[in-house]
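Read the structure below first, then the notes.
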Amino acid sequence: AVVINAEYGAAGGMFSVIDHLDQELGGKMFDQSVGKFLCTDFNKKNRCVVEENPRSFSKVLKASKTAKHNLSTLNTSECSIESLYEGLDMITNLSRPRFETLIEADLKKLTDTLTRFISLHSELTVSQVVLAGGCCKVSKLQSRVSSIFPDAKILNSSPDEVVSLGAAHHASIIAQYPDMKKKTEMESNGTVVIPVTPSAISVRVEGGGTTVVVPKHTPLPFTTEVELAEEGNVFFIEAEAGKCLARAENT
C-alpha cells in the first residue's frame with residue numbers, strides 16, 4: 001500500500017509518496033488462507049497430504065485465486081480440480097460467509113496497518129482512497145477500509161484496471177509537454193523523476209499582500225497567467241529547469 005500527496009500546480013499536478021505500508025499485504029494472503037482450507041478439507045476426505053506435492057499445491061492456489069474473484073460478486077464458488085493428487089479430484093463449494101471467515105486474520109492485519117499509519121501521520125487529512133488490485137473487489141475489505149476512513153472518498157470503480165488507467169493518464173500528461181519527455185529521467189528502479197519547482201512562486205503587490213501564483217512542486221516546464229484585478233496588471237510566468245521568466249502587462 002502506498003500513501004501519496006497530491007499537489008496541483010500550473011502544469012496539471014504532481015503526486016509525491018508519503019509512505020509505503022506493509023508490502024506483504026495483498027491478494028496472495030487471501031489465496032494462501034483459502035488454499036490452506038482447501039488442502040485441509042481435501043486431506044481429511046482422502047487421508048493424504050496434498051501440500052507435499054508442489055505442483056498439486058500450485059493448482060490449489062490457482063483455484064483459490066479463482067474462487068476469490070468469483071466470491072467478490074457471487075455468493076458461492078465451486079473449487080474444482082481434476083486429478084489433483086494421485087488421480088483424485090477435488091470438488092469443494094465455498095460460500096462467501098466461509099470465505100470471509102477464512103480471510104478474517106488477513107483483514108485484521110490490513111486494518112492494523114492502516115490504523116498504525118493514521119497514528120503516525122495524524123497531521124494528514126486523507127481525502128481519497130484508491131483501491132487497486134483484484135482483491136480490493138472483496139466487499140468486506142471495502143467495508144473495512146470505509147470504516148477506517150469515513151470522511152474519504154473510496155475509489156473502487158475498477159480495482160483490476162486502476163494501475164493501467166493511471167499509467168495511461170500519466171503518459172497523456174507527459175505527452176502534452178514535449179520538453180518534459182527530454183527532461184524526464186528514469187531511475188534504475190523504474191521511478192519517473194520529473195523536474196519541479198522547489199518552492200512556491202509568489203507575487204507581492206505594493207501596499208498589499210503576497211499572492212502564491214505557482215504552488216510548490218509544480219512540474220516543469222509550465223506557463224501560467226495571473227491577473228491582479230485591483231492593480232490592472234496581468235503577469236505571465238514561464239519556467240523550465242534552471243530558468244524562470246516573468247513579465248507584466250497593463251490591462
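The values are calculated or read from the model by the stated rules, or taken from the named source; none is laboratory data. Nothing here was measured: the structure is a model prediction, and the numbers come from that model. Every residue, glycine among them, receives a Cβ derived from its backbone with ideal geometry; neighbour counts consider all protein chains shown. Surface areas here come from the heavy atoms of the whole protein model, side chains and all, with no ligands, DNA or RNA. Shrake-Rupley method; radii C 1.70, N 1.55, O 1.52, S 1.80 Å.
Listed by position, the strands (runs of 3 or more DSSP E) contained in segment 140-243 that have at least 1 residues being at pLDDT below 70 and touching a helix residue (DSSP H, G or I) at 6+ places or on another chain (Cβ under 8 Å) are 233-240.
Counting only residues that are of a type in the set (D, E, K, R) and out of contact with any strand residue (DSSP E or B) (no Cβ under 8 Å at 6 or more places or on another chain), which one in segment 92-113 is nearest to ASP31 (Cα to Cα)?
Only one residue fits best here, namely ASP106.
For beta carbons closer than 7 Å, sequence separation of 6+ or different chains, a first residue in segment 32-55 that is without any contact (Cβ under 8 Å) to a residue 60 or more places away in the chain and a second that is polar (S, T, N, Q) and part of a helix (DSSP H, G or I), the qualifying pairs are GLY35/SER64; LEU38/SER64; VAL49/ASN43; VAL50/ASN43; VAL50/SER56.
Taking segment 27-45 as the range and being small (Gly, Ala, Ser) and open to solvent by less than 20 Å² (accessible area, probe 1.4 Å) as the test, the residues that pass are GLY27, GLY35. Tallying residues that are under 18 Å from GLY134 (Cα atoms) and hydroxyl-bearing (Ser, Thr, Tyr) within segment 56-110 yields 6.
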